[in-house]
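See structure below.
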Amino acid sequence: MQKLVKTFLLLFLVGIGSPQYVIAKVKMNEQQAPIVKQLKQQGILPQKVYFQYEVIPALNNKYSFPNENLYSLVSDLETHPDMYNLAIQNIAQVKLNENYQYTDVLQRSRNIIEIIYPTDSFQSLDDGVYFYILDEQKQLQKKDSFDEVYKLPCYLRVEKKHGIVVSIQKRPLAAISHYKYDYWPNNSLKYLKIEMLDSNNNIIYDSEIFFNNNGKMIKAIRKNIKTGQYSIENIIHQDDIYSIEEYFNNSDIKTNRVTSYENTSRVKNEVLNKNGKVIKTNNSEPEIFNFDKDLDEPYPYNKLVVNVEKSNALLNDSMFEQGIRDNAKYDEEALKRAKYLGIKPNQVYYHKLPFPSFMAERYKNFPHQAPLTLIEAENQSPQEKFSDLIKIEIDNNYQYKKIDKTKWQQAAISLPSAQLKSLENGIHFFVINDKGQLTPLNNVEQAIAQPTYVRVEKVMGKIVSTLQKNRVQWLTTEFDYKKNSPIRSKLTVIESHVVPKLVIESEYESGQYLPASQVIKNAQGNIIRTYKTVKKKNIIAILERFNEQGVKTNHIEISKQRDIENQYLDNKEHVRFTTSDIQDKEHPQLYDELPFNPDGFEMMLFEHFKK
C-alpha cells in the first residue's frame, strides 16, 4: 500500500502549483459534474450503503468520486466479469457524503481458486450457481444466497451447466481494506485513514494521510499494529527532495531515515543506530508491512486441493516459483492432486495437451492433469498443423520418471472413396504407399510406431476426417530425484530434422530453473559440449566445446559481469585466438549456448524446424 500511495502521489500530485491547481480544479469539476448528475438520476443517496466493484484509495479529488456503477444489492456483483481476469473478487461497501464523494469504504478482496473436489454432493442440483461453507469436519453446509457468504473468511462456489458441474471454487479472503475520508469546506481531500484488517476484523495495519486545503498530500503516518513498527513521512518538496520518512521500532527508537526524490523512484535509506547515527546507507526502503502476503486461509479450506489446470496462472505462480526446492506444503498438495486424478506409481499413460513446461507451468514434475488413453491422446488437436503425442511413465514419488514426446505434422488429404466405402463407423488407421493405396493397420499402437500414417474417422456412415500424419520430432527425458526434488535429467534426441541424435545430461541445484551443469554427447557417445557453474574468483560459469571426435576446440569463461572470454584451441589444446563472443565462429551449432532445460531445448528444436 505504501508503494501504491507513492505511485498515486507521483502521478497526480507532484509538481502541481497554485495556478495549475486552479486549472486542474476547473477540469475536475467538469469531469465530476456528469458523475454526480448520473448518480442522482440513479437514485443514489448520501450516507446510504451501496456496493461497488473495486475501489482504489483516493489520493486526489478526481478519485474521490465513484468511477464504477453502484448497486443496492451485493449479489449484483457476484458475477462481475472483471474479477476473472486476475482471479480476484473485489467487492466494496461504500457510503458517499452530501457532495457524492467517498466517505467510508470497506473492501473485501478474495482469491478465486478452482479446486479438485468430489462432485457427488452436487449431482441432484439443477443448473445454476450455489454457495457452501465447510464445517470443522469438512462437511458441506449449503447457504441460500451470496449475501450469507460474502463476508465470511472463505466459502465455496459451485456452478453447474447442462447437468455438469463445470466449476468448484474456494474464495478465501486475501485482504480487507477500510478507507475513511474527510474533506475541507471546498470539498478537497483533508484526511484519509487506511486500515488493513485480518479475517476476524482485527486491525493489523493503518495509515493516516493528511492533505492541505488544496488537496495536496503533506504528511503520512503508517503503522504495523502487530509489530508496533511505524513511520512518519513529511512531504517537503525542497530542492529535488520529495519527502523524508522516518522509521521507528516498537520502542519508539528511530531506525531509518529515507529520502525520496522528485519525479523518480530513487531513494536514500540511512540506517541508524540506537543513538541516531547513520551506520550505513542503501537505496531500498524498509518494509514495515508485507502487502504482498494474502490473509491466511482458514481450516479446512487450506487443505483443499487446487485444480492447477483450471486455476488462474497468476495464482499458481507462487507454487511454480518454488522451483525444485523442498517444500512440504506444496509437495503434500501435489501428491494429493496426483492421487485424486487416479495416477499411480510406475503407471504409463498418455498426457493431455497442452503439456505444462518445466517449472514455469508445473510444480516440480508432479502431474496435474488426468491421464488419457492412447486413442484419446492421439487426436487432441486435429485442426492444428502440428500435433503432440506425449507418453508418461510415473516414478515411485508420483512425479514424471520418463517423458516421451513425439511431434507430428498433419494435414487433411483426399482419398479414393472406393477404399473407404466398406469401413464401419469409428476411427481407422492405415499406411499409404506412393500410389495412394492404403494398407490397414490393426490399431492406434501400430499407427504411432510408423513414421507416417493415415487416420480416417467415419461417423454415421460418413467420412468426417482424413488426416496424414508425419513424425517430425521425437525426444525422451528421464529424471532422477532426491526426495521430491529433481536432481538429474537425461534428454535423448531420437529423431529430429534439425540435429543428429544427441544425449543431454543435466544436474540441478535446489530451486534453480536452469541446470548447474550440463553435458552433451553425440551418437557415438563422445562428449561434444559441457557447461558448469563455478565459484572461482570472478568466474561464474565455464563452457567447453569439442568436435565430433571428442577433441576440445573451445574453452569459454563467463565472469560475474557477464563478460565472455572464448578461447579457440588447436588439437593440442593450445590457444589459437580469443574472442569476447560466445558464438562459435567456425562451426556454429544450435546447441552451443548452454545451459537450457529439457523443455527449452525441445522448443528451440521445433522453432528451427519450422523455419
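The values are calculated or read from the model by the stated rules, or taken from the named source; none is laboratory data. Keep in mind it's a predicted model, so treat the numbers as computed, not measured. Here Cβ is always computed from backbone atoms with ideal geometry, including for glycine, and neighbour counts include all displayed protein chains. SASA here: full protein model, heavy atoms, side chains in, ligands and nucleic acids out. Shrake-Rupley method; radii C 1.70, N 1.55, O 1.52, S 1.80 Å.
The set of residues in the stretch 401-425 being within 17 Å of E602 (Cα to Cα) and of a type in the set (S, T, Y) consists of T406 alone.
Let's see how each residue does on (1) in contact with a Ser or Thr (Cβ under 7 Å, 6 or more places away or on another chain); (2) touching a residue at least 24 places away in the same chain (Cβ under 8 Å):
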{"position": "N256", "(1), (2)": "no, yes"}
{"position": "T259", "(1), (2)": "no, no"}
{"position": "T264", "(1), (2)": "no, no"}
{"position": "K268", "(1), (2)": "yes, no"}
{"position": "N273", "(1), (2)": "no, no"}
{"position": "K277", "(1), (2)": "no, no"}
{"position": "N283", "(1), (2)": "no, no"}
{"position": "P286", "(1), (2)": "no, yes"}
{"position": "K293", "(1), (2)": "no, no"}
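State all residues of the stretch 560-597 that are of a type in the set (S, T, N, Q) and either part of a strand (DSSP E or B) or open to solvent by less than 90 Å² (accessible area, probe 1.4 Å) (or both); if no residue qualifies, say none.
N566, Q567, T578, T579, Q583, Q589, N597
Just wondering, is there one or more residues in the stretch 49-68 that are touching a Pro at 6+ places or on another chain (Cβ under 9 Å), open to solvent by 30 Å² or more (accessible area, probe 1.4 Å) and more than 30 Å from A313 (Cα to Cα)? Scanning the stretch 49-68, I find at least one residue that is touching a Pro at 6+ places or on another chain (Cβ under 9 Å), open to solvent by 30 Å² or more (accessible area, probe 1.4 Å) and more than 30 Å from A313 (Cα to Cα), so the answer is yes. Taking first residues from the stretch 414-439 that are hydrophobic (A, V, I, L, M, F, W, C) and partners that are open to solvent by 80 Å² or more (accessible area, probe 1.4 Å), the Cβ contacts under 6 Å between residues at least 6 apart in sequence or on separate chains come to F430/P440. State whether the residues of the stretch 344-351 include one that is loosely packed, with under 15 Cβ neighbours inside 10 Å, farther than 29 Å from I487 by Cβ and in contact with a strand residue (DSSP E or B) (Cβ under 7 Å, 6 or more places away or on another chain). No, the stretch 344-351 contains no residue that is loosely packed, with under 15 Cβ neighbours inside 10 Å, farther than 29 Å from I487 by Cβ and in contact with a strand residue (DSSP E or B) (Cβ under 7 Å, 6 or more places away or on another chain).
The single condition among (1) loosely packed, with under 14 Cβ neighbours inside 10 Å; (2) within 23 Å of P598 (Cβ to Cβ) that V519 does not meet is (1). Apart from one condition, P367 fits all of (1) closer than 15 Å to I392 by Cα; (2) buried (at least 20 other Cβ atoms within 10 Å of the Cβ); (3) touching a residue at least 40 places away in the same chain (Cβ under 8 Å); the exception is (3). Scanning the stretch 183-195 for residues that are in contact with a Phe, Trp or Tyr (Cβ under 9 Å, 6 or more places away or on another chain) and without any contact (Cβ under 8 Å) to a residue 60 or more places away in the chain, we see that the one that is farthest from D206 (Cα to Cα) is W184.
What do you reckon, is R471 closer than 26 Å to K610 by Cβ, modelled with pLDDT of 95 or more and within 37 Å of the chain's Cα centre (by Cα)? So that I can check it myself, show each step before the final result.
Working: closer than 26 Å to K610 by Cβ: yes; modelled with pLDDT of 95 or more: yes; within 37 Å of the chain's Cα centre (by Cα): yes.
Here the answer is yes, as R471 does meet what is asked.
Rundown of residues vs (1) buried (at least 18 other Cβ atoms within 10 Å of the Cβ); (2) of a type in the set (S, T, Y); (3) under 30 Å from T119 (Cβ atoms), yes/no style:
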{"site": "I164", "(1), (2), (3)": "no, no, yes"}
{"site": "R171", "(1), (2), (3)": "yes, no, yes"}
{"site": "I203", "(1), (2), (3)": "no, no, no"}
{"site": "N214", "(1), (2), (3)": "yes, no, no"}
{"site": "N234", "(1), (2), (3)": "no, no, no"}
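Checked against the criterion of being part of a strand (DSSP E or B) and touching a Leu at 6+ places or on another chain (Cβ under 8 Å), the candidates I427, I390, I403 yield just one match: I390.
Quick grid of which residues meet (1) among the hydrophobic types (A, V, I, L, M, F, W, C); (2) closer than 20 Å to I235 by Cβ; (3) not in a strand (DSSP E or B):
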site: V165; (1), (2), (3): yes, no, no
site: S177; (1), (2), (3): no, no, no
site: K180; (1), (2), (3): no, no, no
site: N200; (1), (2), (3): no, no, yes
site: E208; (1), (2), (3): no, yes, no
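If you go through the stretch 598-607 and pick out every residue that is open to solvent by 90 Å² or more (accessible area, probe 1.4 Å) and among the acidic types (D, E), you end up with 1.
Contact annotation: residue pairs with Cβ atoms under 6 Å, 6 or more positions apart or on different chains, pairing a residue in the stretch 121-134 that is in a loop (DSSP other than H, G, I, E, B) with a partner that is open to solvent by less than 60 Å² (accessible area, probe 1.4 Å) and not hydrophobic (A, V, I, L, M, F, W, C), are L125/K160; D127/K160. Of all the listed residues (Q93, Q141, Q123, Q137), the sole one being surrounded by 13 or more Cβ atoms within 10 Å (Cβ to Cβ) and either among the polar types (S, T, N, Q) or under 22 Å from the mean Cα position of the chain (by Cα) (or both) is Q93.
Where the second residue is open to solvent by less than 10 Å² (accessible area, probe 1.4 Å) and the first is more than 23 Å from G215 (Cβ to Cβ) and lies in the stretch 38-64, which pairs have Cβ atoms under 6 Å and are six or more apart or on separate chains? Close Cβ pairs (under 6 Å, with a partner that is open to solvent by less than 10 Å² (accessible area, probe 1.4 Å)) amount to Y50/V94; F51/V74; F51/L77; Y53/L77.
Filtering the stretch 277-313 to residues that are in a strand (DSSP E or B), over 19 Å from E233 (Cβ atoms) and open to solvent by 50 Å² or more (accessible area, probe 1.4 Å) leaves I279, K280.
Taking the criterion of being assigned to a loop (DSSP other than H, G, I, E, B) and either under 20 Å from Q583 (Cβ atoms) or open to solvent by 40 Å² or more (accessible area, probe 1.4 Å) (or both), the residues of the stretch 522-551 that qualify are A523, Q524, G525, N526, K537, N538, N547, E548, Q549, V551.
Would it be correct to say that R362 is surrounded by 14 or more Cβ atoms within 10 Å (Cβ to Cβ), within 26 Å of the chain's Cα centre (by Cα) and in a loop (DSSP other than H, G, I, E, B)? Against the criterion (surrounded by 14 or more Cβ atoms within 10 Å (Cβ to Cβ), within 26 Å of the chain's Cα centre (by Cα) and in a loop (DSSP other than H, G, I, E, B)), R362 qualifies.
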